[in-house]
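The values are calculated or read from the model by the stated rules, or taken from the named source; none is laboratory data. Please read these numbers as outputs of a predicted model, since none were measured by experiment. Cβ placement follows ideal geometry from the backbone for every residue including glycine, while neighbour counts extend to all protein chains displayed.
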Amino acid sequence: MGFLEVLYIVVPIALAYSAPLIIAALGGIFSERSGVVNIALEGLMVMGAFTGIVSALTLSKMGLGAASPWVAMLVAIVVGAIFSLFLAVPAILFRADQTVLGVAINMLAVGLAIFLVRAFYGKGQTDSIPNRISKENVPFLSDIPVLKMFFANVYYTSYIAIILAFVAWFVVFKTPFGLRLRSVGEHPMAADTMGINVTKMRFIGVMISGGFGGLAGAVYATSISLNFSVTTILGQGFLAIAAMIFGKWNPLGAMAAALFFGFAQAISIIGQQLPLLDQIPQVYLLIAPYVLTILALAGVVGRADAPKAVGVPYIKGKR
Amino acid sequence: MKKKSLLALAATGLAMSSVLAACGSNDDSKDSGSSEKDGFKVGMVTDTGGVDDKSFNQSAWEGIQKFGKDNDLKEGTGYKYLQSAKQSDYQPNLQQLARAKYDLILGIGFLMAEDIGKVADQFKDKNFALVDMVVDKPNVASIVFKENEGSFLVGVVAGLTTKTDKVGFVGGVNSDLIKKFESGFKAGVMAVNPDAKVEVQYAEDFNAAEKGQAIASGMYGKKVDVIYHAAGGTGQGVFTEAKNRKKNGEDVWVIGVDRDQVEEGMPENVTLTSMVKRVDTAVEQVAKDTKDGNFPAGKVVEFGLKDGGVDIAPSQDNVAKDVLTKVEDYKKQIIDGKITVPATDDEYKEYEASLK
């Protein structure tokens with residue numbers, strides 16, 4: 001098997017694996033750029049996956065067919081945004097500790113989702129959804145040699161994730177809204193003095209984050225796991241946080257980091273089937289993504305600069 | 001100073017005696033034979049998969065439910081299950097059932113082996129049973145299956161169905177248990193199609209659908225056309241990948257495991273067949289024996305093809321007729337003892353050598 005054939009297998013896997021991570025990491029950026037720590041990404045993804053599967057099942061039953069997973073994603077965005085109020089209200093209005101809140105929300109999300117699955121279906125995991133997001137071959141592009149590694153056997157959601165990253169970058173760095181969002185995360189008092197409503201901006205930041213988190217969970221559930229159980233989302237939210245930090249709170253950086261994770265995972269998983277790599281004992285391949293991440297964080301990226309006011313509740317008039 | 005320490009001593013003494021007294025009363029009630037008063041009680045502890053994992057937890061629970069109904073037991077008092085959300089729940093759950101004086105306490109899944117051993121030592125007068133692994137304690141019965149025999153049959157199906165002469169095996173975690181599936185499967189393939197190549201990979205995870213999908217994607221990409229998975233939730237990803245490929249016109253199949261997984265293959269219908277493990281039959285059998293006073297204490301109870309403990313699933317519509325006749329033929333040979341199906345890497349090597 002030549003080098004190209006290897007890439008034809010590895011790249012689509014990396015793209016599929018990265019999509020939910022990119023989307024969730026973007027969510028983290030909006031929240032943290034506004035000054036609210038978002039450990040709750042994992043929980044938001046759980047709610048998104050749960051909502052995605054339940055709505056996809058219901059919509060399919062109503063006869064929506066192939067459109068059902070896409071509509072389910074929209075529902076998951078709305079539910080994610082609403083669920084993120086559990087973080088926004090105590091963190092912004094009542095100045096609760098944001099890290100503790102995030103951890104609590106992660107536990108709440110799993111418990112609530114499983115409780116509801118039991119209430120709806122009388123069992124601990126849902127059935128598989130009949131209509132899902134499938135891997136597709138992009139017309140024309142998937143026939144071109146070399147280039148086809150990006151266009152054959154891929155999920156459209158991977159492209160959506162990458163486009164969203166560019167949109168998010170534009171919004172955060174090139175629009176007045178983005179400037180305000182960043183200013184309340186860096187120096188809320190200065191922003192307040194200039195007439196920016198800090199509370200409102202932070203609410204918007206966290207709710208956008210909730211929408212992204214919900215979408216990320218729904219993407220994973222409707223394209224990869226196809227059903228929802230307690231183990232559907234298991235650590236992906238935390239990987240997304242790592243991607244966000246790795247990418248220095250920049251949407252494009254986070255996207256690159258998530259793609260890097262995806263690529264490392266893909267190599268790690270199917271390395272056993274590839275020439276040369278199959279000579280390496282599997283345990284080294286399995287730990288490789290994590291070792292690479294540590295090396296990259298420690299050596300290449302340099303200091304990770306968080307927004308200055310992240311995690312600090314804003315109290316008007318306090319110096 | 002002296003007075004205080006004396007007081008403390010007295011207090012500890014009092015506390016100790018009350019503890020001892022509690023123990024004593026416990027023993028008393030045990031002697032009076034609570035089981036006869038309340039009727040037979042059987043309980044099970046799930047592993048982290050949960051009671052409706054569509055796999056062996058669910059199957060075990062179905063067996064207990066059937067046993068309960070046949071013996072007019074009530075759910076909750078006569079028979080019940082405790083769910084384990086994480087590994088650290090195993091011991092407390094087992095202890096809880098032991099304290100509640102259950103006559104038979106089942107641990108489901110080999111992940112629980114160590115914990116059931118410890119709890120069995122703490123409650124020497126209670127009967128424990130473990131599914132899927134051998135624990136050598138005088139009050140533990142080990143219920144194991146000859147998965148290699150069932151896997152042999154689906155191996156025969158895979159070997160005769162493949163058009164590319166390449167089949168795949170995706171395992172959950174590389175362990176003695178999953179090796180039984182792998183060895184049996186490979187032996188089955190080799191028996192009918194010595195030219196076939198079997199690709200084997202372990203995900204080292206039972207709950208990572210994305211890993212299962214990636215592995216399957218790699219295998220199908222290398223022209224494997226039938227994959228047998230023994231990987232729990234990770235196998236879900238194998239089905240996802242197969243469905244995607246079939247939708248795009250590729251001719252690929254998945255062989256399910258533990259139960260009839262025909263539903264998982266819908267709507268593209270990618271499930272060739274499944275290797276079923278009748279945990280329900282086995283659990284029901286052991287519960288029945290225990291109730292009749294024949295608890296297989298300290299013994300290994302093995303369920304193979306002969307006892308209906310493992311088999312090929314009833315959904316066989318996707319398998320060709322002549323393949324099924326071959327399967328029946330091999331099934332008879334295994335039951336008659338004409339073929340000994342390998343269960344480990346070493347046994348497989350011997351088996352392979354004997355074919356040549």
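Candidates are the residues of region A:123-158 that are surrounded by fewer than 16 Cβ atoms within 10 Å (Cβ to Cβ) and part of a helix (DSSP H, G or I); the one that is farthest from the other protein chains (Cβ to nearest Cβ) is A:LEU147.
A:ALA216 meets the conditions (1) over 22 Å from the mean Cα position of the chain (by Cα); (2) of a type in the set (Gly, Ala, Ser); (3) buried (at least 23 other Cβ atoms within 10 Å of the Cβ); (4) within 30 Å of B:GLY233 (Cα to Cα) in every case but one. The failed one is (1). Every condition in (1) out of contact with any Phe, Trp or Tyr (no Cβ under 8 Å at 6 or more places or on another chain); (2) modelled with pLDDT under 95; (3) under 30 Å from B:GLY233 (Cβ atoms) is met by A:ASN137 except one, and the failing one is (1). Annotation: of all residues in region B:79-111 being surrounded by 20 or more Cβ atoms within 10 Å (Cβ to Cβ) and among the small types (Gly, Ala, Ser), the one that is farthest from the chain's Cα centre (by Cα) is B:SER84.
Of all the residues in region A:9-41, those that are more than 19 Å from B:THR240 (Cα to Cα) and among the aromatic types (Phe, Trp, Tyr) number 1. Being in contact (Cβ under 8 Å) with a residue 12 or more places away in the chain, part of a loop (DSSP other than H, G, I, E, B) and closer than 21 Å to A:ALA306 by Cβ: is that true of A:ILE196 here? In short, yes. Has region B:99-120 got any residue that is over 27 Å from B:GLU147 (Cβ atoms) and either within 14 Å of chain A (Cβ to nearest Cβ) or in contact with a Ser or Thr (Cβ under 7 Å, 6 or more places away or on another chain) (or both)? Yes, the conditions are met somewhere in region B:99-120. Small (Gly, Ala, Ser), modelled with pLDDT under 95, buried (at least 24 other Cβ atoms within 10 Å of the Cβ) and not in a helix (DSSP H, G or I) - does that describe any residue in region A:56-73? There is no residue in region A:56-73 that is small (Gly, Ala, Ser), modelled with pLDDT under 95, buried (at least 24 other Cβ atoms within 10 Å of the Cβ) and not in a helix (DSSP H, G or I).
Of the residues making up region A:1-52, those that are away from every other protein chain (no Cβ under 14 Å) and free of Cβ contacts under 8 Å to residues at least 12 places away in the same chain number 1.
Being part of a loop (DSSP other than H, G, I, E, B) and either without any contact (Cβ under 8 Å) to a residue 40 or more places away in the chain or among the small types (Gly, Ala, Ser) (or both) is a property that holds for A:ALA309. Out of curiosity, is A:ARG95 part of a loop (DSSP other than H, G, I, E, B) and surrounded by fewer than 16 Cβ atoms within 10 Å (Cβ to Cβ)? So A:ARG95 fits the description; yes. The residue that is nearest to A:ALA25 (Cα to Cα), among those in region A:250-293 that are hydroxyl-bearing (Ser, Thr, Tyr) and within 14 Å of another protein chain (Cβ to nearest Cβ), is A:TYR290.
Checked against the criterion of being β-branched (Val, Ile, Thr) and over 30 Å from A:VAL198 (Cα atoms), the candidates A:ILE39, A:ILE22, A:ILE9 yield just one match: A:ILE9.
Applying the selection to region B:48-66, what residues are more than 10 Å from chain A (Cβ to nearest Cβ), surrounded by fewer than 23 Cβ atoms within 10 Å (Cβ to Cβ) and touching a Phe, Trp or Tyr at 6+ places or on another chain (Cβ under 9 Å)? Correct list: B:GLN65 only.
Looking only at residues of region B:182-229 that are within 9 Å of chain A (Cβ to nearest Cβ) and charged (D, E, K, R), we find that the one that is nearest to A:GLN125 (Cα to Cα) is B:GLU210.
Output the residues belonging to region A:237-273 that are of a type in the set (D, E, K, R) and closer than 21 Å to A:GLY214 by Cβ. Within region A:237-273, no residue meets the criteria.
Exactly one residue among B:LYS243, B:LYS179 is closer than 27 Å to B:PHE56 by Cβ, in contact (Cβ under 8 Å) with a residue 12 or more places away in the chain, more than 14 Å from chain A (Cβ to nearest Cβ) and not in a loop (DSSP other than H, G, I, E, B), and that residue is B:LYS179.
For region A:179-193, the set of residues classified as touching a residue at least 40 places away in the same chain (Cβ under 8 Å) and part of a helix (DSSP H, G or I) consists of A:LEU181, A:ARG182, A:VAL184, A:GLY185, A:GLU186, A:PRO188, A:MET189, A:ASP192, listed by residue number. Among the residues of region B:310-317, some residue qualifies, meaning at least one is over 21 Å from the mean Cα position of the chain (by Cα) and modelled with pLDDT under 85.
List every residue pair whose Cβ atoms lie under 9 Å apart, where the two residues are 6 or more positions apart in sequence or sit on different chains, the first residue falls within region B:80-101 and is in contact (Cβ under 8 Å) with a residue 12 or more places away in the chain and more than 15 Å from B:ILE64 (Cβ to Cβ), and the second residue, located anywhere, is charged (D, E, K, R) and surrounded by fewer than 18 Cβ atoms within 10 Å (Cβ to Cβ). Sorted first by the residue in region B:80-101, then by its partner, the pairs are B:TYR90/B:GLU114; B:GLN91/B:LYS118; B:LEU94/B:LYS118; B:LYS101/B:LYS30; B:LYS101/B:ASP38. Residues of region B:184-226 that are more than 20 Å from A:ASP278 (Cα to Cα), part of a helix (DSSP H, G or I) and in contact with a Ser or Thr (Cβ under 6 Å, 6 or more places away or on another chain): B:GLY184, B:PHE185, B:ALA209. Go through the residues of region B:43-55 one by one and say whether even a single one is at pLDDT 80 or above, farther than 26 Å from A:ILE114 by Cα, part of a loop (DSSP other than H, G, I, E, B) and not hydrophobic (A, V, I, L, M, F, W, C). Taking every residue of region B:43-55 in turn, none turns out to be at pLDDT 80 or above, farther than 26 Å from A:ILE114 by Cα, part of a loop (DSSP other than H, G, I, E, B) and not hydrophobic (A, V, I, L, M, F, W, C). Among what's in region A:229-249 and is away from chain B (no Cβ under 11 Å) and outside any helix (DSSP H, G or I), pick the residue that is surrounded by the most Cβ atoms within 10 Å (Cβ to Cβ). Across region A:229-249, the extreme among qualifying residues is A:GLY247.
When restricted to residues that are more than 8 Å from every other protein chain (Cβ to nearest Cβ), among the hydrophobic types (A, V, I, L, M, F, W, C) and out of contact with any Leu (no Cβ under 6 Å at 6 or more places or on another chain), region B:246-270 contains 5. Across region B:37-65, the number of residues qualifying as within 14 Å of the chain's Cα centre (by Cα) and either among the aromatic types (Phe, Trp, Tyr) or under 22 Å from B:VAL262 (Cβ atoms) (or both) comes to 15.
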